[in-house]
Amino acid sequence: MVFILEDTINGILMGSIYGLTALGLTLIFGVLKVINFAHGSLLMVGMYVAYWAVTLSGAHPYLTLILVIPVMYLFGYYLQDIVIKPIFKAESEVREPITVIIVTTGVWYVLDNLTLLIFGPHYRTIQENPLRGKMLELGGMLISVPKLWGFSAAVLTAAAVYLFLQKTSMGRAIRATSLDREAASLMGIKQFKIYNIAFGIGTATAGIAAVTLVPFYNVFPTVGVLFDIKGFIIVVLGGLGSIGGAILGGMIIGVIESVGPQFMAATWAEGIVYGLFLLFLFVKPSGLFGVRYDW
Amino acid sequence: MKKPIKEIGVCSAVLWVLTMALGAGSVCLAQDKVVKVGNIIPLSGPSASVGQQGKNAREMAVEEINAAGGIKSLGGAKLVMLYTDSESKPEKGVAEAERFINTEKVHVLTGCWNSAVTYPTTAVAERYGIPFIVPVSVADKITEQGFKTVFRIAAKDSWWTRDQFAFLRDMEKEFNAKLEKIAFVYENGDWGKGFAEQWKELAKKGDYKVVLDEPYPSTATDLSPIVQKIKRANPDVLLLVSNAADAILLTNTLADYRVKLKAIIGSGGGHADPSFLQAAGKNAQYLFDIVEWETDVNKPGAKEANEKFKSRYGYNLAGESVDAYLAMYVLADAMERAASLDPVKIREALATTNLGSGRGMIVGYDAVEFDKTGQNKHASLVMVQINDIGKGMERITVWPKNARRAGYQPVFPMP
């Protein structure tokens, strides 16, 4: 069936982009042990940066990565350093600091509403662009070119982050901190410096996800919320803290969302996604690739 | 000790007489020269923006009516406007209606924009027999309570879908085309599902074949599965109910997947959002949408009224404000014929309204005439087509035919 194949391909492509949006979420959780509720807002900020960069320069959207990645890295780095770190320090005795979660919720509201104030409630899409509306024709199937680019970006980013964590000394320091921050500190690793860097990298991946979305999706102040909900499901599905798990979890959701509606109403396909989320929480709360036992 | 008391007595007697005389005089004046109109509208809270638009439109109309000599059959009586804020709360609307009727002694009430406020408030007016003009509150049930004093100018909820199908029929006739297969795609909320229910009925009556009936979550981040479903169902006509983000995404994705349709029809909402045209751009070309009113409606005086309104308040007239503007002219017309301030006579006059011309008639339809329930039976909506005729994408009124923008030929079916 050519239809099923076409829908599956679309699902995998779109799903990998969902996975990319969740990558930073899972990374930040893995290291800081904090669910970052502001992650969708960081994605939104990235989308605005990319939108304006593309609109003002007229460049190919992926060229703006040169700008978006450093801007978002620094934004995340200093957001953690200035806003979140003091709360962390105040609760240094607690393993999973609840107040930090509340602070990230505050950051989410502040960012969304600031954007609303500055740019208004308008919906924006980039016009006149080499990627907008491009489709690849393949044996009677139509495949979205911007999503194909997004897929490549997602796989490359996940691979790069994985290699960085495995092969570099900074990556090892990050992993050490995520395993046991006290022991890591005793070994001379600066815990909060690592937190800043992890938050920066997480935010930068949200920036990359933003660049993949801008060619075919709308930009508006509350756009992050839509991807946030999916992000949480993906992270649970793939396993909290797992890089590969985020991409694979995203693809599973993407395929359900894309193939499901051909056999039932789209609203039911969404129901299946949430059902799967609950099933995983009941049966395998650590997700596909998560660590079974908390360290 | 006696003298001062006497003096005070005299003074107070004089004062009392004076007060009586003045009071009587002002009562006389009120009875002869003034029509008191009590307006209950949301001026704060979530609907404050539309409430203010309605107030501005009323002010502009009343100024024009009074400047033109007021109600001539009442010796040039002026319309006097009293406003109160409903805060979009039903209980506030009810309390203010009581106050207007008992304390302010208003002759007519208007309001309340929010259907939830209008519904109980009209019951107060009915109890006292005071005529209540509803410029716009769309819930069907407002004119279905068996009340004698309620008069609604705007089209009711169920007429939106009715007009979408009437439009389809008219297009088939005008362009000698045959539309058979029809698809419904709508957001999965009260609004979308309510429309879909009515569409199904209308499709059955109109002998259309429904090839797709698909609700979708408005929060969807990818609508290509829905678009694929539309493409595979291969309908002639696609009817949509969408919020803004999904309207843009659907329009762009339909273009990406090269879905060929004869017509796409929106239901206002997201398709009427100011950012829709900008964000969907060329992909929105030839799309039809239903609205209450559009600035280019081809009616005498419409353009001038809009320009005057815009220069005074800084924004265009819209469905809500046009209905409020027209309501004041309907009232003036009824008062002229009633030639009395007796609520019974005013009600009689309103019930026999047949207003087809005049400064207030800038709506897309031909006349204001109320049926037995008090619903304006001619009220209809207008259909616009999005097209570029040299000034970028814009919304162009195409239906009803007598309201169509002069010189514009709708593009149908979509090329």
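The values are calculated or read from the model by the stated rules, or taken from the named source; none is laboratory data. Not measured: the values here are computed from a predicted model. Cβ atoms come from the backbone with ideal geometry, glycine included; neighbour counts cover every protein chain shown.
Please verify whether B:SER242 is closer than 20 Å to B:ASP170 by Cβ, touching a residue at least 24 places away in the same chain (Cβ under 8 Å) and more than 7 Å from chain A (Cβ to nearest Cβ), treating the condition exactly as stated. Criteria not met by B:SER242. For the range A:79-100, the set of residues classified as part of a helix (DSSP H, G or I) and surrounded by 15 or more Cβ atoms within 10 Å (Cβ to Cβ) consists of A:LEU79, A:GLN80, A:ASP81, A:VAL83, A:ILE84, A:LYS85, A:ILE87, A:PHE88, A:VAL100, listed by residue number.
When the range B:245-262 is limited to residues that are under 14 Å from B:ASP273 (Cα atoms) and at the interface with chain A (Cβ under 7 Å from one of its Cβ atoms), the one that is modelled with the lowest pLDDT turns out to be B:ALA245.
Residues considered: B:LYS105, B:LYS148, B:LYS141, B:LYS193. Of these, the only one that is within 30 Å of B:ILE230 (Cβ to Cβ) and either at pLDDT 95 or above or basic (Lys, Arg) (or both) is B:LYS193.
Taking first residues from the range B:341-364 that are closer than 27 Å to B:GLU307 by Cα and partners that are outside any helix (DSSP H, G or I) and of a type in the set (Ser, Thr, Tyr), the Cβ contacts under 8 Å between residues at least 6 apart in sequence or on separate chains come to B:GLY364/B:SER380; B:GLY364/B:THR397. Going through (1) within 13 Å of the chain's Cα centre (by Cα); (2) more than 30 Å from A:LEU142 (Cβ to Cβ) one by one, A:MET47 falls short only on (2). Scanning the range A:216-255 for residues that are hydrophobic (A, V, I, L, M, F, W, C), part of a loop (DSSP other than H, G, I, E, B), within 11 Å of chain B (Cβ to nearest Cβ) and in contact with a helix residue (DSSP H, G or I) (Cβ under 6 Å, 6 or more places away or on another chain) yields one hit, A:PHE216. Among residues of the range A:1-59 being away from chain B (no Cβ under 12 Å) and part of a loop (DSSP other than H, G, I, E, B), the one that is farthest from A:PRO130 (Cα to Cα) is A:LYS33.
For the residues B:ALA324, B:ALA279, the requirement of being buried (at least 21 other Cβ atoms within 10 Å of the Cβ), over 29 Å from B:VAL35 (Cβ atoms), in contact with a helix residue (DSSP H, G or I) (Cβ under 6 Å, 6 or more places away or on another chain) and touching a residue at least 24 places away in the same chain (Cβ under 8 Å) singles out B:ALA279.
Applying the selection to the range A:135-149, what residues are at the interface with another protein chain (Cβ under 8 Å from one of its Cβ atoms) and touching a residue at least 12 places away in the same chain (Cβ under 8 Å)? Hits for the range A:135-149 are A:LEU142, A:SER144. With respect to A:ALA183, is the statement that it is crowded, with 24+ Cβ neighbours inside 10 Å and more than 12 Å from chain B (Cβ to nearest Cβ) true? No. All of (1) buried (at least 17 other Cβ atoms within 10 Å of the Cβ); (2) without any contact (Cβ under 8 Å) to a residue 40 or more places away in the chain; (3) within 13 Å of another protein chain (Cβ to nearest Cβ) hold for A:LEU131 with one exception: (2). When the range A:256-272 is filtered for residues that are within 25 Å of the chain's Cα centre (by Cα) and facing chain B (nearest Cβ under 7 Å), the ones remaining, listed by number, are A:GLU257, A:SER258, A:PRO261, A:ALA266, A:THR267, A:GLU270.
Restricting A:THR205, A:THR177 to residues that are more than 19 Å from the chain's Cα centre (by Cα), more than 11 Å from chain B (Cβ to nearest Cβ), closer than 20 Å to A:GLY76 by Cα and crowded, with 24+ Cβ neighbours inside 10 Å narrows the list to A:THR177. Of the residues making up the range B:162-190, those that are buried (at least 18 other Cβ atoms within 10 Å of the Cβ) and within 27 Å of the chain's Cα centre (by Cα) are B:ASP163, B:GLN164, B:PHE165, B:ALA166, B:PHE167, B:LEU168, B:MET171, B:PHE184, B:VAL185, B:TYR186, B:GLU187, B:ASN188. I'm told B:GLY76 meets every condition in (1) small (Gly, Ala, Ser); (2) in contact (Cβ under 8 Å) with a residue 60 or more places away in the chain; (3) surrounded by fewer than 20 Cβ atoms within 10 Å (Cβ to Cβ) except one. Can you identify the failing condition by its number? If we test B:GLY76 against (1) small (Gly, Ala, Ser); (2) in contact (Cβ under 8 Å) with a residue 60 or more places away in the chain; (3) surrounded by fewer than 20 Cβ atoms within 10 Å (Cβ to Cβ), just (2) comes out false.
Counting only residues that are assigned to a loop (DSSP other than H, G, I, E, B), surrounded by fewer than 23 Cβ atoms within 10 Å (Cβ to Cβ) and hydrophobic (A, V, I, L, M, F, W, C), the range B:351-378 holds 3 of them. Residues in the range B:282-292 that are surrounded by fewer than 23 Cβ atoms within 10 Å (Cβ to Cβ) and within 13 Å of chain A (Cβ to nearest Cβ): B:LYS282, B:ASN283.
Checked against (1) in contact with a helix residue (DSSP H, G or I) (Cβ under 9 Å, 6 or more places away or on another chain); (2) closer than 30 Å to A:ARG124 by Cα; (3) surrounded by 17 or more Cβ atoms within 10 Å (Cβ to Cβ); (4) away from chain A (no Cβ under 14 Å), B:THR149 passes all but a single condition, namely (2).
B:GLU369 meets all of the listed conditions (1) assigned by TED's automatic domain parsing to the domain that holds B:PHE167; (2) modelled with pLDDT of 90 or more but one, namely (1).
If you filter the range B:205-237 down to residues that are among the small types (Gly, Ala, Ser) and buried (at least 22 other Cβ atoms within 10 Å of the Cβ), you find that the one that is farthest from the other protein chains (Cβ to nearest Cβ) is B:ALA220.
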